[in-house]
Every structure is written in C-alpha cells, then in structure tokens.
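Here is the structure we will look at, set down as structure tokens.
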Amino acid sequence: MTPYIIVFIVCLAYWIIAQSPQNRDSKLLLGLFFLYLAIFVGMGDMIGGYDRYIYGEVFDTIADETRTGRNYRRLLYLVQGKEYGYFFWQVLVSHFTENRYIFILVTTIAAYTLYFFAFKQYIKDYPLAAILFLGLFYYFTMTYLRQVLACGIIWLSFKYIWERKPINFFALVLLAYSFHSSALIFAVMYFIPFRKYSKGQVTALLIVALLVGLTPVPMALMASSDERTAEYEDQMQGFRPEYVLEVLFFIFILFKNYKWIPEDKKTLTMLNCSFVLCGILLLFMRFGQGGRISWLFFFGLFYMLTTVSDRPRAFSWMKPLLIVVSFALFMRITFAWSSLNVPYHTFLVDGLPCGNTYQTHEYDWNYHNDKFCRKALDPVF
C-alpha cells in the first residue's frame, strides 16, 4: 500500500512547490507529474487484475496475427460493439511489440498524454486539479484501458462546444466512441443551452435523477445497450451512499460559490457538465458499473472546483477541504485494494504478478518466468 500513498505525497509536494507564481502555471511540472503517474501505472505488473488480463490476452492474439498472416478481418470478433478504434490501436502497437506489458505501458502513456493536453488547454490551477484527479479518477486508469482512453479524447472536445464547431466536436465524440461505446452519451453536452440554471432548477433535476435511480429503469437502459443483461442484473448493488455523498459535496461547493460563477460560455459549459455528472451518479446509484459513465464528465468538475477555489476572495477553507476530500477518496480505494492483496511491483521483476487474480485469469504462464518472453520491440513494417 505504501507505493500508492507515495503517489499522493508526490502530488502534495507538487502542489506545495507550485505555490510560487513561476511554478503554478508550469506546464513542465504538470508534464513531469503526469509522466510519473503514467510510468507508475503503466509499469505495474497486472495491477488492474481481471481487466488487464483480458486486454493482455486480446493484444497477444492480435500481435500473433501481425507476425503471421496479418489477416485482421478474422479477428474482428474481438471487437466489442463498434469499438474499432481500440482494435486498430492494438494493431498499430503490435507492429512494434508483441509483449502485453509494453502494450499496456504505451497505452497508459497515450492516455496520460491526452490528459496533459486537456489540462494544459483548459485548467488554470494545475496542481489542485491534479489532486482532484487522484481522488476521483486516477485508480480507474489502472484498470479500464479502453474507457480511460475514450475519456482523454472526450476531454479535448470541450472547446468545440462553446465555439459551436459541431464537426470537430462530434468527430472527437465518434473517435472516443470507437474506443468505448459509453462515450456517445457525451454528445448531449453540445445541446445544453449556455445558461446558468437556478439552484432550484438544478435541485429539482437532481431529485428527479435520485428518484429514477431508485427504480429499475437505469438497469434497463444499460442492459438495452448491451447483450450482457444477466451480468448487469448481477451488478445491481442496492443503494450506493457514496454516490449520493459525493453529489452532495460537489453541489455544496458549487452552490456556495454560485453567485460568483461567471456566465461566459466556457464556464457555463463546464458548470452544466458538472451538474450532468451529478445527475448520472444519482441515476445509476444502484448499478455497480453505472458510475463509469460519469467519468466522461469529470473534467467539468476539475475545471469548476479549481475555478471557484481560485476566484478573488475565495473562501479560505475551500482548497484545504478539496485536498482532504480528495485524499479521503484516494485512500478509500487504496484500502479497498489492500484487501485484494495487490502489492505493487513493476514488470521489470520476474515472478508472480500483483494480486491473486493470476490464479484464475493468467493465460500465459511463461510471463511469470520471463516478463519479456514475448519480444518487447521488434518492428515489422
């Protein structure tokens, strides 16, 4: 558990160093921090458990085809739905390596590169946004490769909403959709008016989402978009109080600063994105995987929470509170992982991988004896 906690300590150190004016807007420091996260996550020895084994096995299959017949058409059964973008990404990487560990590392670096450009383009307070990132999103990048890549693509599309450039916006949405089908829901953001809704209207919307979330409707919506209905039914987990508590906290911060929130198109887009995020959390509070849809909208929250805490004469307690809550969210998952026996080590060390999921999901035991039993770099162009 210690290596994971060190990650947060490094982020706090970054925040402290960046308090000086010359460092606060440093893109170099932001880039170095994201590179550190990408290497830590990407070099972890199957720390994502079940999902990483699935990604690894599929990639190995594609890499084998790259080195033999290159008849990728016969492997299209590996594509989930319309997610051809992720399939072609695997094909591209397989031209340089057939090793699952290198593939995961390269994919993770690609995702964090997207996050870096999104932060650089939209965020002003990089260090505080990085802390929020650790609390709300960081751990998911260890597990769900397709979806976190889709999030990175989506986060680059925000400016095309307020610039009213539908071709650019929907092209990025479709590209993200080709990596994970859930990205299509973000298209709704283009049609939300540039309007600062009253607190009453926002509250009414969230109450409706809460009430609908208590019914079977959300599960039916998710099941209708996928054939795995039985799997979704198994993931109904009753009331998820953490979702409700998170929404209450986010709304408290936003409403506390509501009269000072500017009404330019950029800020209104991010504000309404934050409200959509809260609505989704309430709508899918009984569904184990429903909260994953909200990840697409996290960036609006990163922007708004840093913006209101940096406004002139902002509440002095706000940044410390955001840091404490982010740390609590970070530690909640850290402790949850510790119970799953997930000690961290990199794939540079031969032997058994992190955790115990290898007992049921390992498909190539040669990796345990030699992490580079499959060639790490062998261009075949």
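No value in this document is a laboratory result; all are computed from the given coordinates. Not measured: the values here are computed from a predicted model. Note: ideal-geometry Cβ built from the backbone for every residue, glycine included; neighbour counts use all protein chains shown.
Which whole DSSP H helices in the chain pass both tests: a Cα extent of 20 Å or more along the axis and a mean Kyte-Doolittle value no lower than 0.0? Walk me through the numbers before you get to the answer.
Working: long enough: 2-17 (22 Å, 2.25); 27-42 (22 Å, 2.23); 50-66 (24 Å, -0.58); 100-122 (33 Å, 0.99); 199-213 (21 Å, 1.80); 241-256 (22 Å, 1.64); 265-283 (26 Å, 1.44); 318-338 (30 Å, 1.50).
Correct list, ordered by number: 2-17, 27-42, 100-122, 199-213, 241-256, 265-283, 318-338.
How much length would be gained if the chain were fully extended between ARG70 and VAL349, taking 0.36 nm per residue of separation minus their Cα-Cα distance, in nm to one decimal? Before the final figure, lay out the partial values.
Working: separation 279, 0.36 × 279 = 100.44 nm, distance 3.18 nm.
Roughly 97.3 nm would be gained on extension.
Would you mind computing, in nm to one decimal, how far apart the modelled labels at VAL10 and TRP365 are, each placed 7 Å from Cα along Cα→Cβ?
Calculated label separation equals 3.4 nm.
Is the C-alpha gyration tensor of region 245-284 telling us rounded, prolate or oblate? Criteria: a/c under 1.5 is rounded; beyond that, a/b larger than b/c is prolate, otherwise oblate. Show your work: numbers first, answer last.
On the way: a/c = 4.24, a/b = 1.47, b/c = 2.89.
Judged from the Cα gyration tensor, region 245-284 comes out oblate (a/c at least 1.5, b/c at or above a/b).
Calculate the FRET efficiency for ILE54 and TYR190 from the Cβ-Cβ distance with a Förster distance of 30 Å, rounded to the nearest 0.05. Write out the running numbers ahead of the final one.
Values: r = 33 Å, r/R0 = 1.09.
About 0.40, to the nearest 0.05.
Taking region 81-151, which trypsin sites (Lys or Arg not before Pro) meet the DSSP loop condition and have no more than 13 other C-beta atoms within 10 Å?
Values: sites: LYS82, ARG100, LYS120, LYS124, ARG146; in loops: LYS82, LYS124.
Filter output for region 81-151: LYS82, LYS124.
Rounded if a/c is under 1.5, else prolate if a/b beats b/c, else oblate: with a ≥ b ≥ c from the C-alpha gyration tensor eigenvalues square-rooted, which is the chain? Display every interim value, and only then the final one.
Details: a/c = 1.63, a/b = 1.41, b/c = 1.16.
Cα axes put the chain in the prolate bin.
When the helices in the chain are scored as -39500 (n - 2.57) per DSSP H run of 4 or longer and the sum is shared across all residues, what 222 nm value do you end up with, to the nearest 500 deg cm²/dmol? Walk me through the numbers before you get to the answer.
Details: 19 runs with 230 residues, N = 381.
Computed ellipticity for the chain at 222 nm equals -19000 deg cm²/dmol.
Which of these, TYR363, TYR126, TYR115, has the largest mean-square fluctuation under a Gaussian network model of the chain (Cα springs below 10 Å)?
Looking only at TYR363, TYR126, TYR115, the biggest GNM fluctuation is shown by TYR363.
Give me the net charge of LEU76's neighbourhood, meaning all other residues with Cβ under 15 Å from the Cβ of LEU76; Lys, Arg count +1, Asp, Glu -1.
Numbers: positive: ARG70, ARG73, ARG74, LYS82; negative: GLU65, GLU83.
Spelling it out: positives minus negatives among the neighbours equals +2.
Name the residue, out of ASP45, ASP60, ASP264, whose mean-square fluctuation peaks in a Gaussian network model built on the chain with Cα pairs under 10 Å.
Between ASP45, ASP60, ASP264, it is ASP264 that shows the largest mean-square fluctuation.
Any chance you could run the full-extension gain for LEU214 through MET1? It's 0.36 nm times the residue separation minus the Cα-Cα distance, nm to one decimal. Display every interim value, and only then the final one.
On the way: separation 213, 0.36 × 213 = 76.68 nm, distance 3.53 nm.
Full-extension gain reported as 73.2 nm.
Please compute the net charge surrounding PHE169, taking Lys and Arg as +1 and Asp and Glu as -1 over other residues with Cβ under 15 Å from its Cβ.
Values: positive: LYS159, ARG164, LYS165, LYS265, LYS266; negative: GLU163.
Charge balance near PHE169 sits at +4.
May I ask you to list the lysines whose Cα is less than 22 Å away from that of LYS256, ignoring any residue fewer than eight positions away on the same chain?
Result set, ordered by chain and number: LYS124, LYS196, LYS199, LYS265, LYS266, LYS319.
Given 0.36 nm per residue, what is the gain on full extension from ALA314 to LYS165 after removing their alpha carbon distance, in nm?
Working: separation 149, 0.36 × 149 = 53.64 nm, distance 3.36 nm.
Answer, rounded to one decimal: 50.3 nm.
Once you place label points 7 Å from the Cα toward the Cβ at LEU321 and LYS256, how far apart are they in nm?
Placing both labels 7 Å along Cα→Cβ, they lie 0.1 nm apart.
Return PHE40, PHE252, PHE287, PHE103 ranked ascending by Cβ neighbour count within 10 Å, so the fewest neighbours appear first.
Details: PHE40 20, PHE252 11, PHE287 23, PHE103 27.
Ascending Cβ contact count within 10 Å gives the list PHE252, PHE40, PHE287, PHE103.
Lys and Arg at +1, Asp and Glu at -1: add these up for the other residues within a Cβ distance under 14 Å of TYR243 and post the number.
On the way: positive: ARG240, ARG286, ARG292, ARG332; negative: GLU242, GLU246.
Charge balance near TYR243 sits at +2.
What is the spin-label model distance, in nm, from LYS199 to LYS124 if the labels are put 7 Å beyond Cα along the C-beta direction?
The two pseudo-label positions are separated by 2.3 nm.
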